[in-house]
Every structure is written in structure tokens, then in C-alpha cells.
Amino acid sequence: MFLTISTTGTAVNPATDLGYLLHKHPDNAQAFSTSYGTAHVFYPEADAERCTAALLLEIDPVALVRRGKGKGRGGAPDAALAQYVNDRPYAASSLLAVALGNVFSSALRGVCTTRPERAAAPLPLRVEVPALPARGGPDLVRRLFEPLGWAVAADPVPLDTAFPEWGDSRYVRLLLESDRLTLAEALRHLYVLLPVLDDAKHYWVAADEVDKLLRAGEGWLPEHPEQKLITSRYLARRWSLTRQAMERLELVRLAEADDSEVEDIDNAVEAETGTEEKPAPLAVQRREAVTEALRAAGAARVLDLGCGQGQLVQALLKDVRFTEIVGVDVSMRALAVAARRLKLDRMGERQASRVKLLQGSLAYTDNRLKGYDAAVLSEVVEHLDLPRLPALEYAVFGHARPRTVVVTTPNVEYNVRWESLPAGRARHGDHRFEWTREEFRTWAAAVAGRHGYEVAFTPVGPDDPEVGPPTQMATFTISTEKEAKAA
Ligand code: SAH
């Protein structure tokens, strides 16, 4: 696997500054061991006018197979052979991107203490990848790189030069040129887009891949026209991660274009992330179900506990019957995003008097939460470790004691219906548990019993005859109130 990066220069700004920017001296050939083999960095040419750095990754196919264990396809002999005999050693796959990230990590972040002004300025750059697996072909290669300011040449590599009639392979010879980008930007484009074009991640995609993607995508991914394809392929088409990433990208866009319409971002996000969560955006259905339950309870002053980024608070604000809406979250960052979403700083006095955001933990009793009509815990309980749950139970049902409490949580039985969710995995990296309908009902009934509430259950989303709905909702009401009403 091979990749070269070249630049040109002058006596004043010599091309060999590339060595400083990459933190790799042009006179030395260096080798770095990575989990999949050895990465070599060397400079085929290095003078004031032209300097080229090469990254060569020598794959150890045995290590690759060993690392990949557990996600293989199970014992078919040809599949086993294909693990060893494949294009990995020479094609620039996701592994080259991993090596790039490791070997040039400072350069990727644009860090260069010796030549900071050079690191911050655009350079004349030329990047060459002789064999790039490009699922989607030359056309997709152009759609990915051109919007970023690259001039792109992507020539298909024939399957076999001796037999032109066999046609082209899925590889292209990639040549990128630009003088509008900094080296860090260029490296970050490659770091993300090489695996996207390869479209076959060769290592396990973990939850922190979303962070990696957003970090590497900073400054270009939020506005990229192929953002959805990039995100979903980079995250190996894992639906839950893709959705997370799309939401966070949307928030970045909102933060940057502060004046843009904030309208229902989930609608937009979910319409974009597409097919898997059809027919309807579940987050929207959930908010509607919760809002309906609050209306039915006749609640006016409402707590949204674990409000996250404030989508429900925003929805409730649209209905004037909710006279006071308080969002509570332990995360300052979530609250900051919520404040921005709600445009709290620019809200009219009347609106502003209806809404408040509080930082606090639901694992502790909090007098500020007393005296409200209703509290919502939407997709929150599953974020607490099970042993912490009794503390939340007491803080909400024992101490704050609103007349109505609406709780939603995923129904784990439904997970088999999410096609892209690997069996046995939770929907969200931070879910500490996900309950079956039976488990949720058992918990809810016990809570109601301990604190003098009655509880009723409502399905949210399509109620599958076999596995139930994707979201389960419980509405708790203080028993005495019910009796008083009945009397
Ligand atoms: N209610 C929102 C967000 C759910 S995500 C929705 O339905 O979309 C869960 C939220 O609970 C996160 O914002 C997290 O910060 C918050 N949270 C988790 N543990 C908490 C705790 N102990 N106290 C307060 N908030 C908590």
C-alpha cells in the first residue's frame, strides 16, 4: 500500500519544509510498526524545489487475520483462504488510512511548532495513490474530492494489462492536486476518504469512530454534499453510529450558521439517514407520544429530565398550554447545545419566562425539581448504570414527586428489526442496558408500587405483533389523585 505527497517550493520557502510539517526528516527512512504491519516513511526526492514523502504500508496478512478474528464469516474454506489471498498487501485500503493517522498524527492536527506559519498556510500539493480500491468508481472519487478543492484524476486500472478485453478492475490510480489546502486538511481528507472509497473496514468499528470521524472531518465534512455517503461508509454502515454522527454534524452546522432555521432537525437528519428507520422518524414519534401523554394528564408545568439537546423542550414550547418547561441534564455540553437550539439568548421575554435549563444529576434529590405537574424521562433511564437506578427512582418518584411521570426507553426485543444493528448490540454506545417489555413492566410496576403511583403502558412506533414497538412508554400517575378525581 502506497501513497505519496509532494509539494514544490522556492529558496525562501523550500519544499523540504514538508519534512517539518510531517514531523519526519527527509534524510531518514523510518519504519513504524502498526497492528497490521510496518509503515515506512521515506522521501524519494527532497530539495528546495520539489519534495515528495512516501508512506508505504507493508501488511502482515497473518496479523490482519488474527486481528480480524471474530467477525469472519465462519469456516468456509474459500472464505478462510480469501482472508490470506486478497488485495490487502498492495491496495490503499482503510489500513493505509489508519497508518496515515498513526504516523502523521501531529500533521493531521496541523501541529508544527517549528514552522507554524507554513502549517497554517495552503501549499501546492500533489497526492498520488497508485492503487486505490474505489467502490463507486472514478465518478464517486471525483464527487468526494472535488468539492474539497482538489483537481482530481482517477484512472481506472485495467484488470490485467495483458487482457484488455477483461475490462477495468475496481481500482483507480488517483492523482490529486491543489494549492488551496493546508497539509493538515489534505491529510484529514485522505484519512476519511480512503476508507470511504474502500468501503470495507478492516478493523472493528467502535463507538469512538464517530469522534474520530468528526475530528478528521472538522471544517469540511459538515458542508460536504456527499456527507451522508461518507458518514455511513466510514462507519461501516452501522446505523446507530451513522445516525449519531449525522446528528452531531447537524449540530455543528447549526452552531456555525447560527441564524439558519432551526426547525425540526431530527426530521431532516432522519430523512437523510434514510431507509433503515422507515416508515417514520422514531424520535419525532416519541416526542409526539410524550407530548400527547402530557396533554392528557393536563400538565402545564413540566420537567424534561435528561433533556439532552433540548428537542422535546423545543417541541413543548410550541404548545402554549405548557406554561413552564424546565430542561435538566447532567451534561453542560448538551445544555449548551440546547440553549443554542432554543436561541435562549434571543428569545422574547414572554417565551423566555416559559423555559429554563438546569444542570443537575438525577441521581441526587434536588429541591428545584419539586412542585411540577409532570416529569419526562425520555430515553434516559438506560443511560444510568443499573445500580444507580434506585437513586434516580427516589429522586424523581420519592422526592420531586410530580403528579405525572412519563418514561420512555428502548424495547430491546425490537432490535432484531433494525437491519443494520448487529445481533446483541445496543442501539447507542452509552446504553447501559436495554429492557424487554417484560423487564420494563416489572420495573415500572415495582416503582409505582413503592411510591404510590399507577402506571399504564403505551407503544411508540410500529407495534410489531411479535417483538412489540421500538420504544416503550410508561405513564405514571399519583394514585391518590386518581382516586380523588374518581370520587
Ligand atoms: N431526553 C432526550 C435525551 C436522551 S439521551 C431524548 O429523548 O432525546 C440521555 C440524556 O440523559 C443525556 O443528555 C445525558 O446527559 C442525560 N443523563 C444521563 N445520566 C444523567 C443523570 N444522572 N442526570 C441527569 N442527566 C443524565
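Just the residues that are surrounded by 15 or more Cβ atoms within 10 Å (Cβ to Cβ) and among the hydroxyl-bearing types (Ser, Thr, Tyr), please, taken from region 429-470.
If the condition is that a residue be surrounded by 15 or more Cβ atoms within 10 Å (Cβ to Cβ) and among the hydroxyl-bearing types (Ser, Thr, Tyr), then THR436, TYR453, THR458 are the ones that fit.
Take region 25-45 and flag every residue that is without any contact (Cβ under 8 Å) to a residue 60 or more places away in the chain and either under 18 Å from ALA107 (Cα atoms) or acidic (Asp, Glu) (or both).
HIS25, PRO26, ASP27, ASN28, ALA29, GLN30, ALA31, HIS40, PHE42, TYR43, GLU45
Under 6 Å between Cβ atoms, at least 6 apart or on separate chains: pull out the pairs that start in region 358-378 with a residue that is closer than 10 Å to VAL326 by Cβ and end on any residue that is more than 12 Å from the ligand (Cβ to nearest atom).
LEU369/ALA400; TYR372/ARG301; TYR372/PRO402; ALA375/PRO402; ALA375/VAL405
Tell me, yes or no, whether region 420-428 has at least one residue that is part of a helix (DSSP H, G or I) and either buried (at least 20 other Cβ atoms within 10 Å of the Cβ) or away from the ligand (no atom under 16 Å from the Cβ) (or both).
no
Can you list the helices (runs of 4 or more DSSP H) found entirely within region 305-388 that contain at least 1 residues being hydrophobic (A, V, I, L, M, F, W, C), within 28 Å of GLU439 (Cβ to Cβ) and within 7 Å of the ligand (Cβ to nearest atom)?
311-317, 332-342
Cβ contacts < 6 Å: first residue within 20 Å of LEU392 (Cα to Cα), restricted to region 303-331; second residue among the aromatic types (Phe, Trp, Tyr) and more than 9 Å from the ligand (Cβ to nearest atom), any location; separation 6+ or different chain. Result?
LEU303/TYR372
What are the pairs, 6+ residues apart or on separate chains, where a residue within region 137-156 that is at positive phi has its Cβ under 6 Å from a residue that is of a type in the set (D, E, K, R)?
GLY149/ARG180
Sort out which residues of region 389-399 are touching a residue at least 24 places away in the same chain (Cβ under 8 Å), of a type outside the set (A, V, I, L, M, F, W, C) and within 15 Å of the ligand (Cβ to nearest atom), and write them in order of number.
GLU393, TYR394, HIS399
If PHE104 passes every condition in (1) within 30 Å of GLY424 (Cα to Cα); (2) modelled with pLDDT of 90 or more but one, which one does it miss?
All conditions are met except number (1).
Restricting attention to region 400-412, does a residue exist that is in a helix (DSSP H, G or I), without any contact (Cβ under 8 Å) to a residue 40 or more places away in the chain and out of contact with any His (no Cβ under 6 Å at 6 or more places or on another chain)?
There is at least one residue in region 400-412 that is in a helix (DSSP H, G or I), without any contact (Cβ under 8 Å) to a residue 40 or more places away in the chain and out of contact with any His (no Cβ under 6 Å at 6 or more places or on another chain).
Quick one: count up the residues across region 290-317 that are over 26 Å from the mean Cα position of the chain (by Cα) and at negative phi.
Number satisfying all stated conditions: 14.
Give me the pairs: first residue in region 1-23 and closer than 11 Å to ARG118 by Cα, second residue small (Gly, Ala, Ser), beta-carbon distance under 7 Å, and six or more apart or on different chains, which are they?
As it stands, the answer is PRO14/ALA48; ALA15/GLY9; ALA15/ALA48; ASP17/GLY9; LEU18/ALA53; LEU21/ALA107; LEU21/ALA119, since those pairs meet every condition given.
In region 126-172, what residues are farther than 18 Å from PRO195 by Cβ and touching a Lys or Arg at 6+ places or on another chain (Cβ under 7 Å)?
Listed by number, the residues that qualify are GLY149, ASP155, VAL157.
The values are calculated or read from the model by the stated rules, or taken from the named source; none is laboratory data. Treat the numbers as computed from the prediction; the structure is a model and nothing was measured. As a convention, Cβ positions derive from the backbone with ideal geometry for all residues, glycine included, and neighbour counts pool all protein chains shown.
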